[in-house]
Amino acid sequence: MDQQANTPFGNPPQATTPTPAVPAAPAPPTEAKRGNIAEGIFDEVERMTAGGAMNRSEAFEAISTRTGRRAGTVAANYYRIARKRGTVAPRGTRGPGRPAGSGGKASGDAAAIIARLEAATKELVDLLRSQEAELSRLREQSEQFEKLREWMAKNA
């Protein structure tokens, strides 16, 4: 019996040789062990900001540019280690009833709040006046319609 007939496409099976495994490239020094990236970022930011040479945001941006990571990711790594080491205060929690981002403080100064209230009040007064005018117009139309109905009833 022909072996060609047993293959789905009519071609004889090819002998396959196993592909040799390619050894993985060694990890860069900053990523040698899992979990050390954040530690390295923390140490680097601390060196860059020592003596007031630059602030943390500038350091995060510089590391971001050099490593290709996003600045937010660099900052998150830094603050994770900083909280672990106790060099920054832990994140605060919002209490019940306080909206996100409020921080428990009034949003804006009193003059801005008063200006917003005055603008909202003026808008409400304008809406009420236009509603009152529309109601007056509808009442007049209703009276005219009623007169027309009475006339039609008499002349029907």
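A quick yes/no check of all residues on (1) at pLDDT 85 or above; (2) under 21 Å from the mean Cα position of the chain (by Cα); (3) exposed (fewer than 13 other Cβ atoms within 10 Å of the Cβ):
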residue: Pro23; (1), (2), (3): no, no, yes
residue: Ala59; (1), (2), (3): yes, no, no
residue: Ile63; (1), (2), (3): yes, no, no
residue: Arg69; (1), (2), (3): yes, yes, no
residue: Arg83; (1), (2), (3): yes, no, no
Go through segment 71-80 residue by residue and tally those that are among the small types (Gly, Ala, Ser) and either surrounded by 17 or more Cβ atoms within 10 Å (Cβ to Cβ) or touching a strand residue (DSSP E or B) at 6+ places or on another chain (Cβ under 6 Å) (or both).
-> 1
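The values are calculated or read from the model by the stated rules, or taken from the named source; none is laboratory data. Given the structure is predicted, the values throughout are model-derived calculations rather than measurements. Backbone-built Cβ (ideal geometry, glycine too); neighbour counts: all protein chains shown.
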